[in-house]
1. When the accessible area of the protein assembly as shown is computed with all protein chains present and a 1.4 Å probe, what percentage of it is carbon and sulfur?
2. Scaled to the compact-protein estimate 2.2 N^0.38 Å, what is the alpha-carbon radius of gyration of segment A:4-174, rounded to two decimal places?
3. Please identify every one of the chymotrypsin sites (Phe, Trp or Tyr not before Pro) in segment B:1-58 that sits in a loop by DSSP and has no more than 15 other beta carbons within 10 Å of its own beta carbon.
4. Under 8 Å for C-alpha pairs, at least 6 residues apart: give me the relative contact order for segment A:10-127, rounded to a whole percent.
5. Answer with one residue from A:4, A:229, A:113: the one whose Cα lies farthest towards the positive end of the charge dipole of the protein assembly as shown, charges on Cβ with Lys, Arg +1 and Asp, Glu -1.
6. Of the residues B:185, B:78, B:158, which exhibits the maximal mean-square fluctuation in a Gaussian network model of chain B defined by a 10 Å Cα contact cut-off?
7. Taking the Cα centre as origin and putting +1 on Lys and Arg beta-carbons and -1 on Asp and Glu beta-carbons, what dipole magnitude results for chain A, to the nearest 20 debye?
8. If you wrap a convex hull around the C-alpha atoms of segment A:177-318 and split its volume per residue, what is the figure in Å³?
Amino acid sequence: MLSIEHFYWLMALFLLYAGWRNLRDRRFAHAAFWGLLAALFAAGKPILDASKAGHALPSQLAGVAVIALALLATRMRREHIDEAPEAQRLASAQRLGHRLFWPALLIPLVTVAIVLFGPKLAIGGAPVFGEGSITLIGLALACVLATFAAVLVTRERPVVALGEGRRLLDTMGWAALLPLVLATLGGVFAASGVGEAVASLVSAVIPADNRLACVLAYGLGMVVFTMIMGNAFAAFPVMTAGIGLPLLIQQHGAAPAILGSLGMLTGYCGTLMTPMAANFNLVPAALLELDDPNAVIRAQLPTAIPLLLVNLVLMYWLAFR
Amino acid sequence: MSDPMNYWPLLGVAWVVVGFVLRANPVIVVVSAGLVSGLLAGKSIGELLALLGESFVSNRALLMFAMTLPTIGLLERAGLREHALRWIAQWRGLTLTRLLAGYLAVRQGLSMLGLIDIAGHAQTVRPLLAPMAESAAARPHGEVSREDRQKVHALAAATDNVGRFFGEDVFLAFGAVLLIQGFYAQHGIVLEPLQIALWALPTAIAAFVIHAVRIVVFQRRLDRRTASAIAGTDPERADAVD
């Protein structure tokens, strides 16, 4: 039975390899960074299990490791690592042609196939796919199969695939970790009562009798808090509990389904505008090796702002019929 | 619940904002902001470390996109980008607008079906969409400037984000819809996910229209800039016409 845990181990091996290559290149901060991350991936389940059983020490050690990762990140240079020479790439492109597309296309195709048919697969009565999100398992398995396909198509040694993967990983550097630390921050903020404090502040400031003011406070609050947290999911419960539910739904009679849906989408307009949504805005800039880390945000602002206005109008118009 | 509200943890939020403004390393800003908020909320160091570690480990699925990197790296080494560029160069009718608007429609359509991770920056934008867009942008007048090439790449990444975000909520089994439903259920309002999901449709349509118009405008300006750069005139003057 394949569970997501197996793929976390595989991921740990990949990270360990990246660490080892950096160690060989005497890039010690990078080596320690990927090595520590590998340890956190491999030990993830035992840490969570121990914490559930009431043992705090493993998760405390993980917390220390997270702080160490943050300190190491400040010492990491993001730099371009040399690719294969252009002449070699052109010749290979000429030779392989469309066959080069197949391994890349396998990733989405296999993921979809596993999401659709995976849950029905069983060998001798036992399901093939075990615990964890089926999409995530599908994606991970698709990546593994695609790597094999790429090795076959290019006729390279498998270790070259790891080396090239490491090249891209080191090109992204600490930026690759941002989505994860931001989600971590969301968890810590929630446990520290940041949400309740925000809601209480906002509802103290706005004129609650005015329906339009409440709509604006809710919509713009979603945007601002999403921009700060980098995630509309974190903003939604805070803003809806603080403003949406007591003022718009209970006092002004807004339809909850419409308000919720449009509120969340208004938050997404904020996601388009903030560096805190690192995996959508900063990571692609790093992946595409753009000079300006905020180039993607700049490309999104003129879409996000009109869409935000449309959402506010829709909210005011549709929610109070 | 007679305790007065503790506003001090909000300093963690301010810490994040200041850190980003000062352009400190984002990883250290984010991690330290968590520590600040937790300490101001009155948590002990031990509690806080455990919270940090547990929260990090339970979110580790967010790094799984890195598993696509060996495939993409290997294909890049074998000339994936060079081949994609040359192949697109043969499609006569393909403009930047058609490519990006078409991608936007497909991306929105797929994410409405819940197929969110089948495309994305690592999977499709870097290896396929960005080089294709670059090639399509160069078609009308020849090579675009380095600066414009970066803008084309950024727009390709933006198109992926818009397509993903404003398609996914129309799909009823997606996380956001379930989060909304779950939140209301906790507060005594019972809704079917479909009731919520359908109201995402007007925004989805608006997002497509607004972003597609922007792509058209972008291509027009780009064409004008490259045409005038090649004709040797001042590109600023050509731009001033709009």
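1. On the way: 15400 of 23470 Å².
Carbon and sulfur together cover 66 percent of it.
2. Working: Rg = 19.0 Å, N = 171, 2.2 N^0.38 = 15.5 Å.
Taking the Cα Rg and dividing by 2.2 N^0.38 Å, one obtains 1.22.
3. Values: sites: B:7, B:15, B:20, B:56; in loops: B:7.
When the chymotrypsin sites (Phe, Trp or Tyr not before Pro) of segment B:1-58 are filtered for loop state and at most 15 Cβ neighbours within 10 Å, B:7 remain.
4. Numbers: 61 pairs, mean separation 20.8, N = 118.
Contact order relative to length: 18 percent.
5. Positive-end residue among those listed: A:113.
6. Among B:185, B:78, B:158, the largest GNM mean-square fluctuation belongs to B:185.
7. Working: 20 positive and 16 negative charges, 103 e Å.
Roughly 500 debye for chain A.
8. 98 Å³
The values are calculated or read from the model by the stated rules, or taken from the named source; none is laboratory data. Being a predicted model, the structure only gives us computed values, none of them experimental. All Cβ positions, even for glycine, are placed from backbone atoms using ideal geometry, and neighbour counts span all protein chains on display. Surface accessibility is based on the protein's heavy atoms, side chains included, excluding ligands, DNA and RNA. Shrake-Rupley method; radii C 1.70, N 1.55, O 1.52, S 1.80 Å.
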